[in-house]
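What follows is a short report on a single structure.
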Amino acid sequence: MKTVAITAIDNEYIIGKILCIGRNYVDHIKELDNEEPSAPVVFTKPSTAVVYNDGQVKIPPFSTDCHYEAELAVLIGQDGKDIAEQDALEYVAGYGVAIDMTLRDVQNRLKQKGLPWDIAKGFDTSCPLSDFTPAADVADPQQLNIRLLQNGTERQNGSTSLMINSVAKIISYLSGIFTLEEGDLILTGTPAGVGKVAAGDNLEAIIEGVGKVRVLVV
């Protein structure tokens, strides 16, 4: 059983569903030569994918092209279904930092065959995750800077203001498909600058005013 904490108020949540949004920043879509979607692209990770701050990301032996993707993570604090966009942020308990580790070679093979991405996105340790900051302490989730450092060198630097679908819109959309429950996590997509990792790399994802997560790739 994996949990996440809002340390400032000493609250802990059992992780439920991890719902992820792909292709939510135009520049990232372009760098991977993908088409811009007409609706949010949704995939999932199991809770067993979570690894905590100062943990290790283990690249599976069946991949030679593992990439980092720094993202804003959203922690759902109460159950909801068919949530109106204007009410969506009321369901957020906190915000955190995630790295969506992706086996790009595996993903590309699956995409070419029209198959799901689960293996490429949901392997063990594929979701490094920070502690969470209370939602009340984040004035506007659409005005946050996301950075990722690889061995101390900045690789990603983007703003949540560049999201195609806002946090509120994502919550509303997902709640029309899945009942959102306390402890569910939403990963909201990554800005441009994704790249390959290798064993021995140190990764650090930072969102000012939210938190940071550091991991070692092995």
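Data for the structure
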| quantity | calculated |
| --- | --- |
| Qualifying residues in region 182-218 (those that are of a type in the set (D, E), surrounded by 14 or more Cβ atoms within 10 Å (Cβ to Cβ) and outside any strand (DSSP E or B)) - the one nearest to the chain's Cα centre (by Cα) | D184 |
| Single residue of S63, S159, S166 found to be surrounded by 14 or more Cβ atoms within 10 Å (Cβ to Cβ) and under 25 Å from K196 (Cα atoms) | S63 |
| Region 131-180: number of residues that are under 20 Å from K212 (Cα atoms), hydroxyl-bearing (S, T, Y) and within 17 Å of the chain's Cα centre (by Cα) | 4 |
| From R155, R147, residue being touching a Gly at 6+ places or on another chain (Cβ under 6 Å), farther than 12 Å from G94 by Cα, among the charged types (D, E, K, R) and at pLDDT 95 or above | R155 |
| Extreme residue, surrounded by the fewest Cβ atoms within 10 Å (Cβ to Cβ), among residues of region 78-115 that are among the charged types (D, E, K, R) and touching a Leu at 6+ places or on another chain (Cβ under 9 Å) | K81 |
| Check on G114, touching a residue at least 40 places away in the same chain (Cβ under 8 Å) and either touching a helix residue (DSSP H, G or I) at 6+ places or on another chain (Cβ under 9 Å) or not in a helix (DSSP H, G or I) (or both) | no |
| Check on K58, surrounded by fewer than 20 Cβ atoms within 10 Å (Cβ to Cβ), out of contact with any Cys (no Cβ under 9 Å at 6 or more places or on another chain) and closer than 21 Å to L203 by Cβ | yes |
| Failed item, numbered, when Y173 is tested on (1) in contact with a strand residue (DSSP E or B) (Cβ under 8 Å, 6 or more places away or on another chain); (2) within 22 Å of Y25 (Cα to Cα); (3) not charged (D, E, K, R) | (1) |
| Every pair of residues 6+ apart whose Cβ atoms lie under 6 Å, when the first sits in region 135-155 and is hydrophobic (A, V, I, L, M, F, W, C) while the second is not in a strand (DSSP E or B) | L144/T160; I146/P191 |
| Region 38-68 - residue that is assigned to a loop (DSSP other than H, G, I, E, B) and in contact with a helix residue (DSSP H, G or I) (Cβ under 8 Å, 6 or more places away or on another chain) and, of those, farthest from S161 (Cα to Cα) | F62 |
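The values are calculated or read from the model by the stated rules, or taken from the named source; none is laboratory data. All of these numbers come straight from a predicted model, not from anything done at the bench. Counting neighbours? That spans all protein chains shown, and the Cβs are built from the backbone with ideal geometry, glycine included.
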